[in-house]
Each structure stands twice: as structure tokens, then as C-alpha cells.
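The values are calculated or read from the model by the stated rules, or taken from the named source; none is laboratory data. A quick note: this is a predicted structure, and the numbers were derived from the prediction, not measured. Cβ: placed from backbone, ideal geometry, glycine included. Neighbour counts: every protein chain shown. In case anyone asks, the SASA skips ligands and DNA or RNA and just uses the protein heavy atoms, side chains included. Shrake-Rupley method; radii C 1.70, N 1.55, O 1.52, S 1.80 Å.
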Amino acid sequence: MSRPRILIVGAGFAGYRTARTLSRLTRNRAEITLLNPTDYFLYLPLLPQVAAGILEPRRVAVPLAGTLRHVRLVLGEADGVDLDARTVHYTDPEGQGGTLGYDRLVLAVGSVNKLLPVPGVAENAHGFRGLPEALYLRDHVTRQVELAAAADEPKSCASRCTFVVVGAGYTGTEVAAQGQLFTDALVRKQPLRAGMRPRWMLLDVAPRVLPEMDERLSRTADRVLRHRGVDVRMGVSVKEATHDGVLLTDGEFVESRTLVWCVGVRPDPLVGNLGKPLERGRLLVDPYLQVPGHPDVFACGDAAAVPDLAKPGQYTPMTAQHAWRHGKVAAVNVAASLGIGSRRPYRHRDLGFVVDLGGVQAAANPLGIPLSGPLAGAVTRGYHLAAMPANRIRVAADWLLEAVLPRQDVQLGLVRSWNVPLDTASPELARVPGAPAQSGTEKSGTEDHS
């Protein structure tokens, strides 16, 4: 008798946890296949430290083959699901198509950059959802500081050293906080014109930084950012973006060569093509993470609208913490559908949040206890080490080296502007000229905005 086929699409927080838990629960009694564009799980919360030169890229890339036992990895992007035929069509990294069959399907395709109809943003901004974007930003920021240090005109120097981040959520706040420290370190080695220093701006239409968090943590983050010199502007966003700068909604034009788009995420377009009910782009599922009418199909993570049983009528937010927990419950329920164990609904308890503000600073509220300063910094780093499924020693070693040695401030030039278009369904992949088109819509420029 053949083993049941379980197909997991996506290896983000939800997909990776599903695969790992299912491997343990089924004990080789099922054939588990994981379809993903890359051969690693990206630990996204530490990506700002990659962009700031603190961590090497492979530290946040957990190898799938080395950490998921009895799971078959297929490299490729899913571009179609036939629920009646129980098949998923995909395109591999070399542009060849393939089809995978399943008895149980777990859709954990995650999310991509959220776009707004703002003129010039798609052409002149870059997101922050994958390793290519982090590597591009590190090189780009380093290059701008180096060019500014050699510039003869004060105006050119100022525009190159002005960095605009849109979105004061987790990602945007951490990017701005780490970025200010990074560029301050750069100019200590390559001084700018007298009286000039790098300027980071953090914009958001929300009334405060980290609007989704407790107000005390929001105040802590705001205080740290402003003390560090970050220009924090709430209630303001971008009205138009150009190669030379951004026009703000309050009428001010800010000359800048750098626009980092961190306004949020949207579900992967794949789930919108299934013809099933959606909730703001997310696939509706029941509390057991099953797609109604399809007991063989499960969905979890950012692509799924999971009922929040603690808040009737609402759905769990699109966070890594929920996606990680979704993955475990999805695995338990998939196994239960095969006669292994009992299924259970998704329930959660808020364990608190952590935001790394760079250096020894952080904002955290573990178990509801608000913390700030070095203690919050220690808790934040301890949390990340505990949450990472691998690479802990390597990450800790990089942190130790960063504390005692200067950063290696060089640009490698491996990722250019056209490799990381903002409008893409695959931020985890660097776009290559001449490569097959990715799923979803995307736009890319023809020059690097230096």
C-alpha cells in the first residue's frame, strides 16, 4: 500500500513548522514534499541586521535539506493549483514546468510587499522581504555614503546621505534604527563634509511608531529613534517618488536616493486564483485551518485568514509568531486526517513581542512585562536565539564579533536595483534579466539608482 502524499507549498514560518512537525508525527508513514523557491527557511526578524552588516546572510538562512528529516525538497514556485485534480503546477529555477500530486495539501505561501497607488513608488522604492533586498540595501547604503564622502557639492552629499523609510511597523522601525547606527559607523571611517551626518527618516500615516504594539513599547522605540537622530514623522507619508527624492503628503520635497518601502504585506497572489472565498486577500479557513468544502486542503500563515477564537469575528494578524504556531496546528490536523492523533482548533495566547532597535537597545514585553534598554536588548536576542531552528552558534558568534571588532564595510555589488523590483510575487528571489517571469505582476527599472 502506497504512503499518503502530503504536499506543503512554501517554507516560511508556517510551512517550515508544518514540515518539521509532520516529519516527527508521521514517522515516515507519509510521503512529505516541500515546494519552495529557495533551499532555505529565512528567519525574517533578523534581516535588518543583515542589511546593517551585523550578520552574514547565511546566518538567517536555515538549510531545508539539513534540518527537515524525511522531507523531499522540490525547488520551484507554485503558479497554479487544481483542487479537483489534486495537483499543483510549478516552475523550477531554470524555467521548466512541473506538476506535483497530493492527497493532502498545505498552502503556506506567505506574503509579499504591499503596494499602494503612489506614483513612482514601484519604480524607485525597494521592499524588505527577502535576502536579495537586504543585500541590495546594505550595498546601496554603503555606496551612497562612499559617494557622499567624495562629493564636491553639499547638495549632492546631503541627498545621498538621506535615507527614507516608509512604514513604522516592526520592519520599518528596525530598518531605520539599525540603519542610523550603520551609517554613523560608516562616516566615522569616511567623514562627510563638515557639519553633515547621515539622516534617516521614518514616515507613517499612523499616529505613533509601532501602532500595533503596547503604547509603552511604542514610546520606548520613539524615544530611542529620536535620541539617535532618526527624523520620525507620524501622520505623513509619500505622495510621489522620483529618482531624486520623495514628495511628502505635507507638501515637503525631500531629496534622497534611497526609499525603503515597509508599509506592510499582502497575501501571496496564488491564493487569490483558487476561486475560493477570501478575507482581504487571505484564503478563508475554519478554526482547524481547513479550506471549507475541501477537507484535503489546509492553509496557514500570512496567506490564510484564520479565525481568532480569542476575539470572535476577527482573524489572527499576519505575524511570524502566528505563522509559526499555525504551522504546528496545521501539521497536527493533517496528521489527524490520516488517522494519526486527534485534530484541534487554533488557539493562541499572547506571549509578547520584541523589537530590536540596534546596539543594546530594544523594546520588549515578554509575558506582558514592558522592558526597555539593555535588559530588553538581552531578552530580544535571547528570544531570537531560542526561536531560530538552527544557526544559533553562528548568529551568537557574529554578535560577539560585532561587539569587539569593527564591521567590514564593503559593497559586494552582487545585487543591483533591477534584481529586486518592489512589485514582485517572489521577494525571496533576485530577478535575473532574461529569466522566466515570476508569478504575479512586477516592474523593474533598467538602471541602478545610485
Restricting the range 61-85 to residues that are surrounded by fewer than 16 Cβ atoms within 10 Å (Cβ to Cβ) and in contact (Cβ under 8 Å) with a residue 60 or more places away in the chain, the one farthest from Ala362 (Cα to Cα) turns out to be Gly80
Reported set for the range 377-406 where residues are within 15 Å of Ala61 (Cβ to Cβ) and either among the basic types (Lys, Arg) or in contact with a strand residue (DSSP E or B) (Cβ under 9 Å, 6 or more places away or on another chain) (or both) is His384, Met388, Pro389, Ala390, Asn391, Arg392, Arg394
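Let's see how each residue does on (1) open to solvent by 10 Å² or more (accessible area, probe 1.4 Å); (2) among the aromatic types (Phe, Trp, Tyr); (3) in contact with a Cys (Cβ under 7 Å, 6 or more places away or on another chain):
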position	(1), (2), (3)
Ala125	no, no, no
Arg138	yes, no, no
Asp152	yes, no, no
Val164	no, no, no
Asp184	yes, no, no
Lys189	yes, no, no
Arg193	yes, no, yes
Exercise. Ser372: within 19 Å of the chain's Cα centre (by Cα) and buried (at least 17 other Cβ atoms within 10 Å of the Cβ), yes or no?
Worked result: no
Going through (1) of a type in the set (S, T, N, Q); (2) open to solvent by less than 30 Å² (accessible area, probe 1.4 Å); (3) touching a His at 6+ places or on another chain (Cβ under 6 Å) one by one, Asn113 fails only at (3)
The condition of being open to solvent by 50 Å² or more (accessible area, probe 1.4 Å), in a helix (DSSP H, G or I), aliphatic (A, V, I, L, M) and without any contact (Cβ under 8 Å) to a residue 40 or more places away in the chain holds, among Ala310, Ala386, Ala336, only for Ala386
Selection from the range 123-160 of residues hydrophobic (A, V, I, L, M, F, W, C), assigned to a helix (DSSP H, G or I) and under 18 Å from the mean Cα position of the chain (by Cα) yields Leu131, Ala134, Leu135, Leu137
Condition set open to solvent by 60 Å² or more (accessible area, probe 1.4 Å) and not hydroxyl-bearing (Ser, Thr, Tyr), scope the range 233-260, selection nearest to Val121 (Cα to Cα): answer is Glu240
Scanning the range 341-369 for residues that are open to solvent by less than 90 Å² (accessible area, probe 1.4 Å), farther than 20 Å from Ala52 by Cβ and of a type in the set (A, V, I, L, M) gives Leu351
Among Leu247, Leu225, Leu181, Leu203, the single one that is outside any helix (DSSP H, G or I), at pLDDT 95 or above and under 23 Å from the mean Cα position of the chain (by Cα) is Leu203
Of the listed residues (Asp423, Asp409), the one being among the charged types (D, E, K, R), in contact (Cβ under 8 Å) with a residue 60 or more places away in the chain, touching a strand residue (DSSP E or B) at 6+ places or on another chain (Cβ under 8 Å) and open to solvent by less than 40 Å² (accessible area, probe 1.4 Å) is Asp423
Per the filter on the range 228-244, residues more than 23 Å from Cys157 (Cα to Cα) and in a strand (DSSP E or B) are Met234, Val236, Lys239
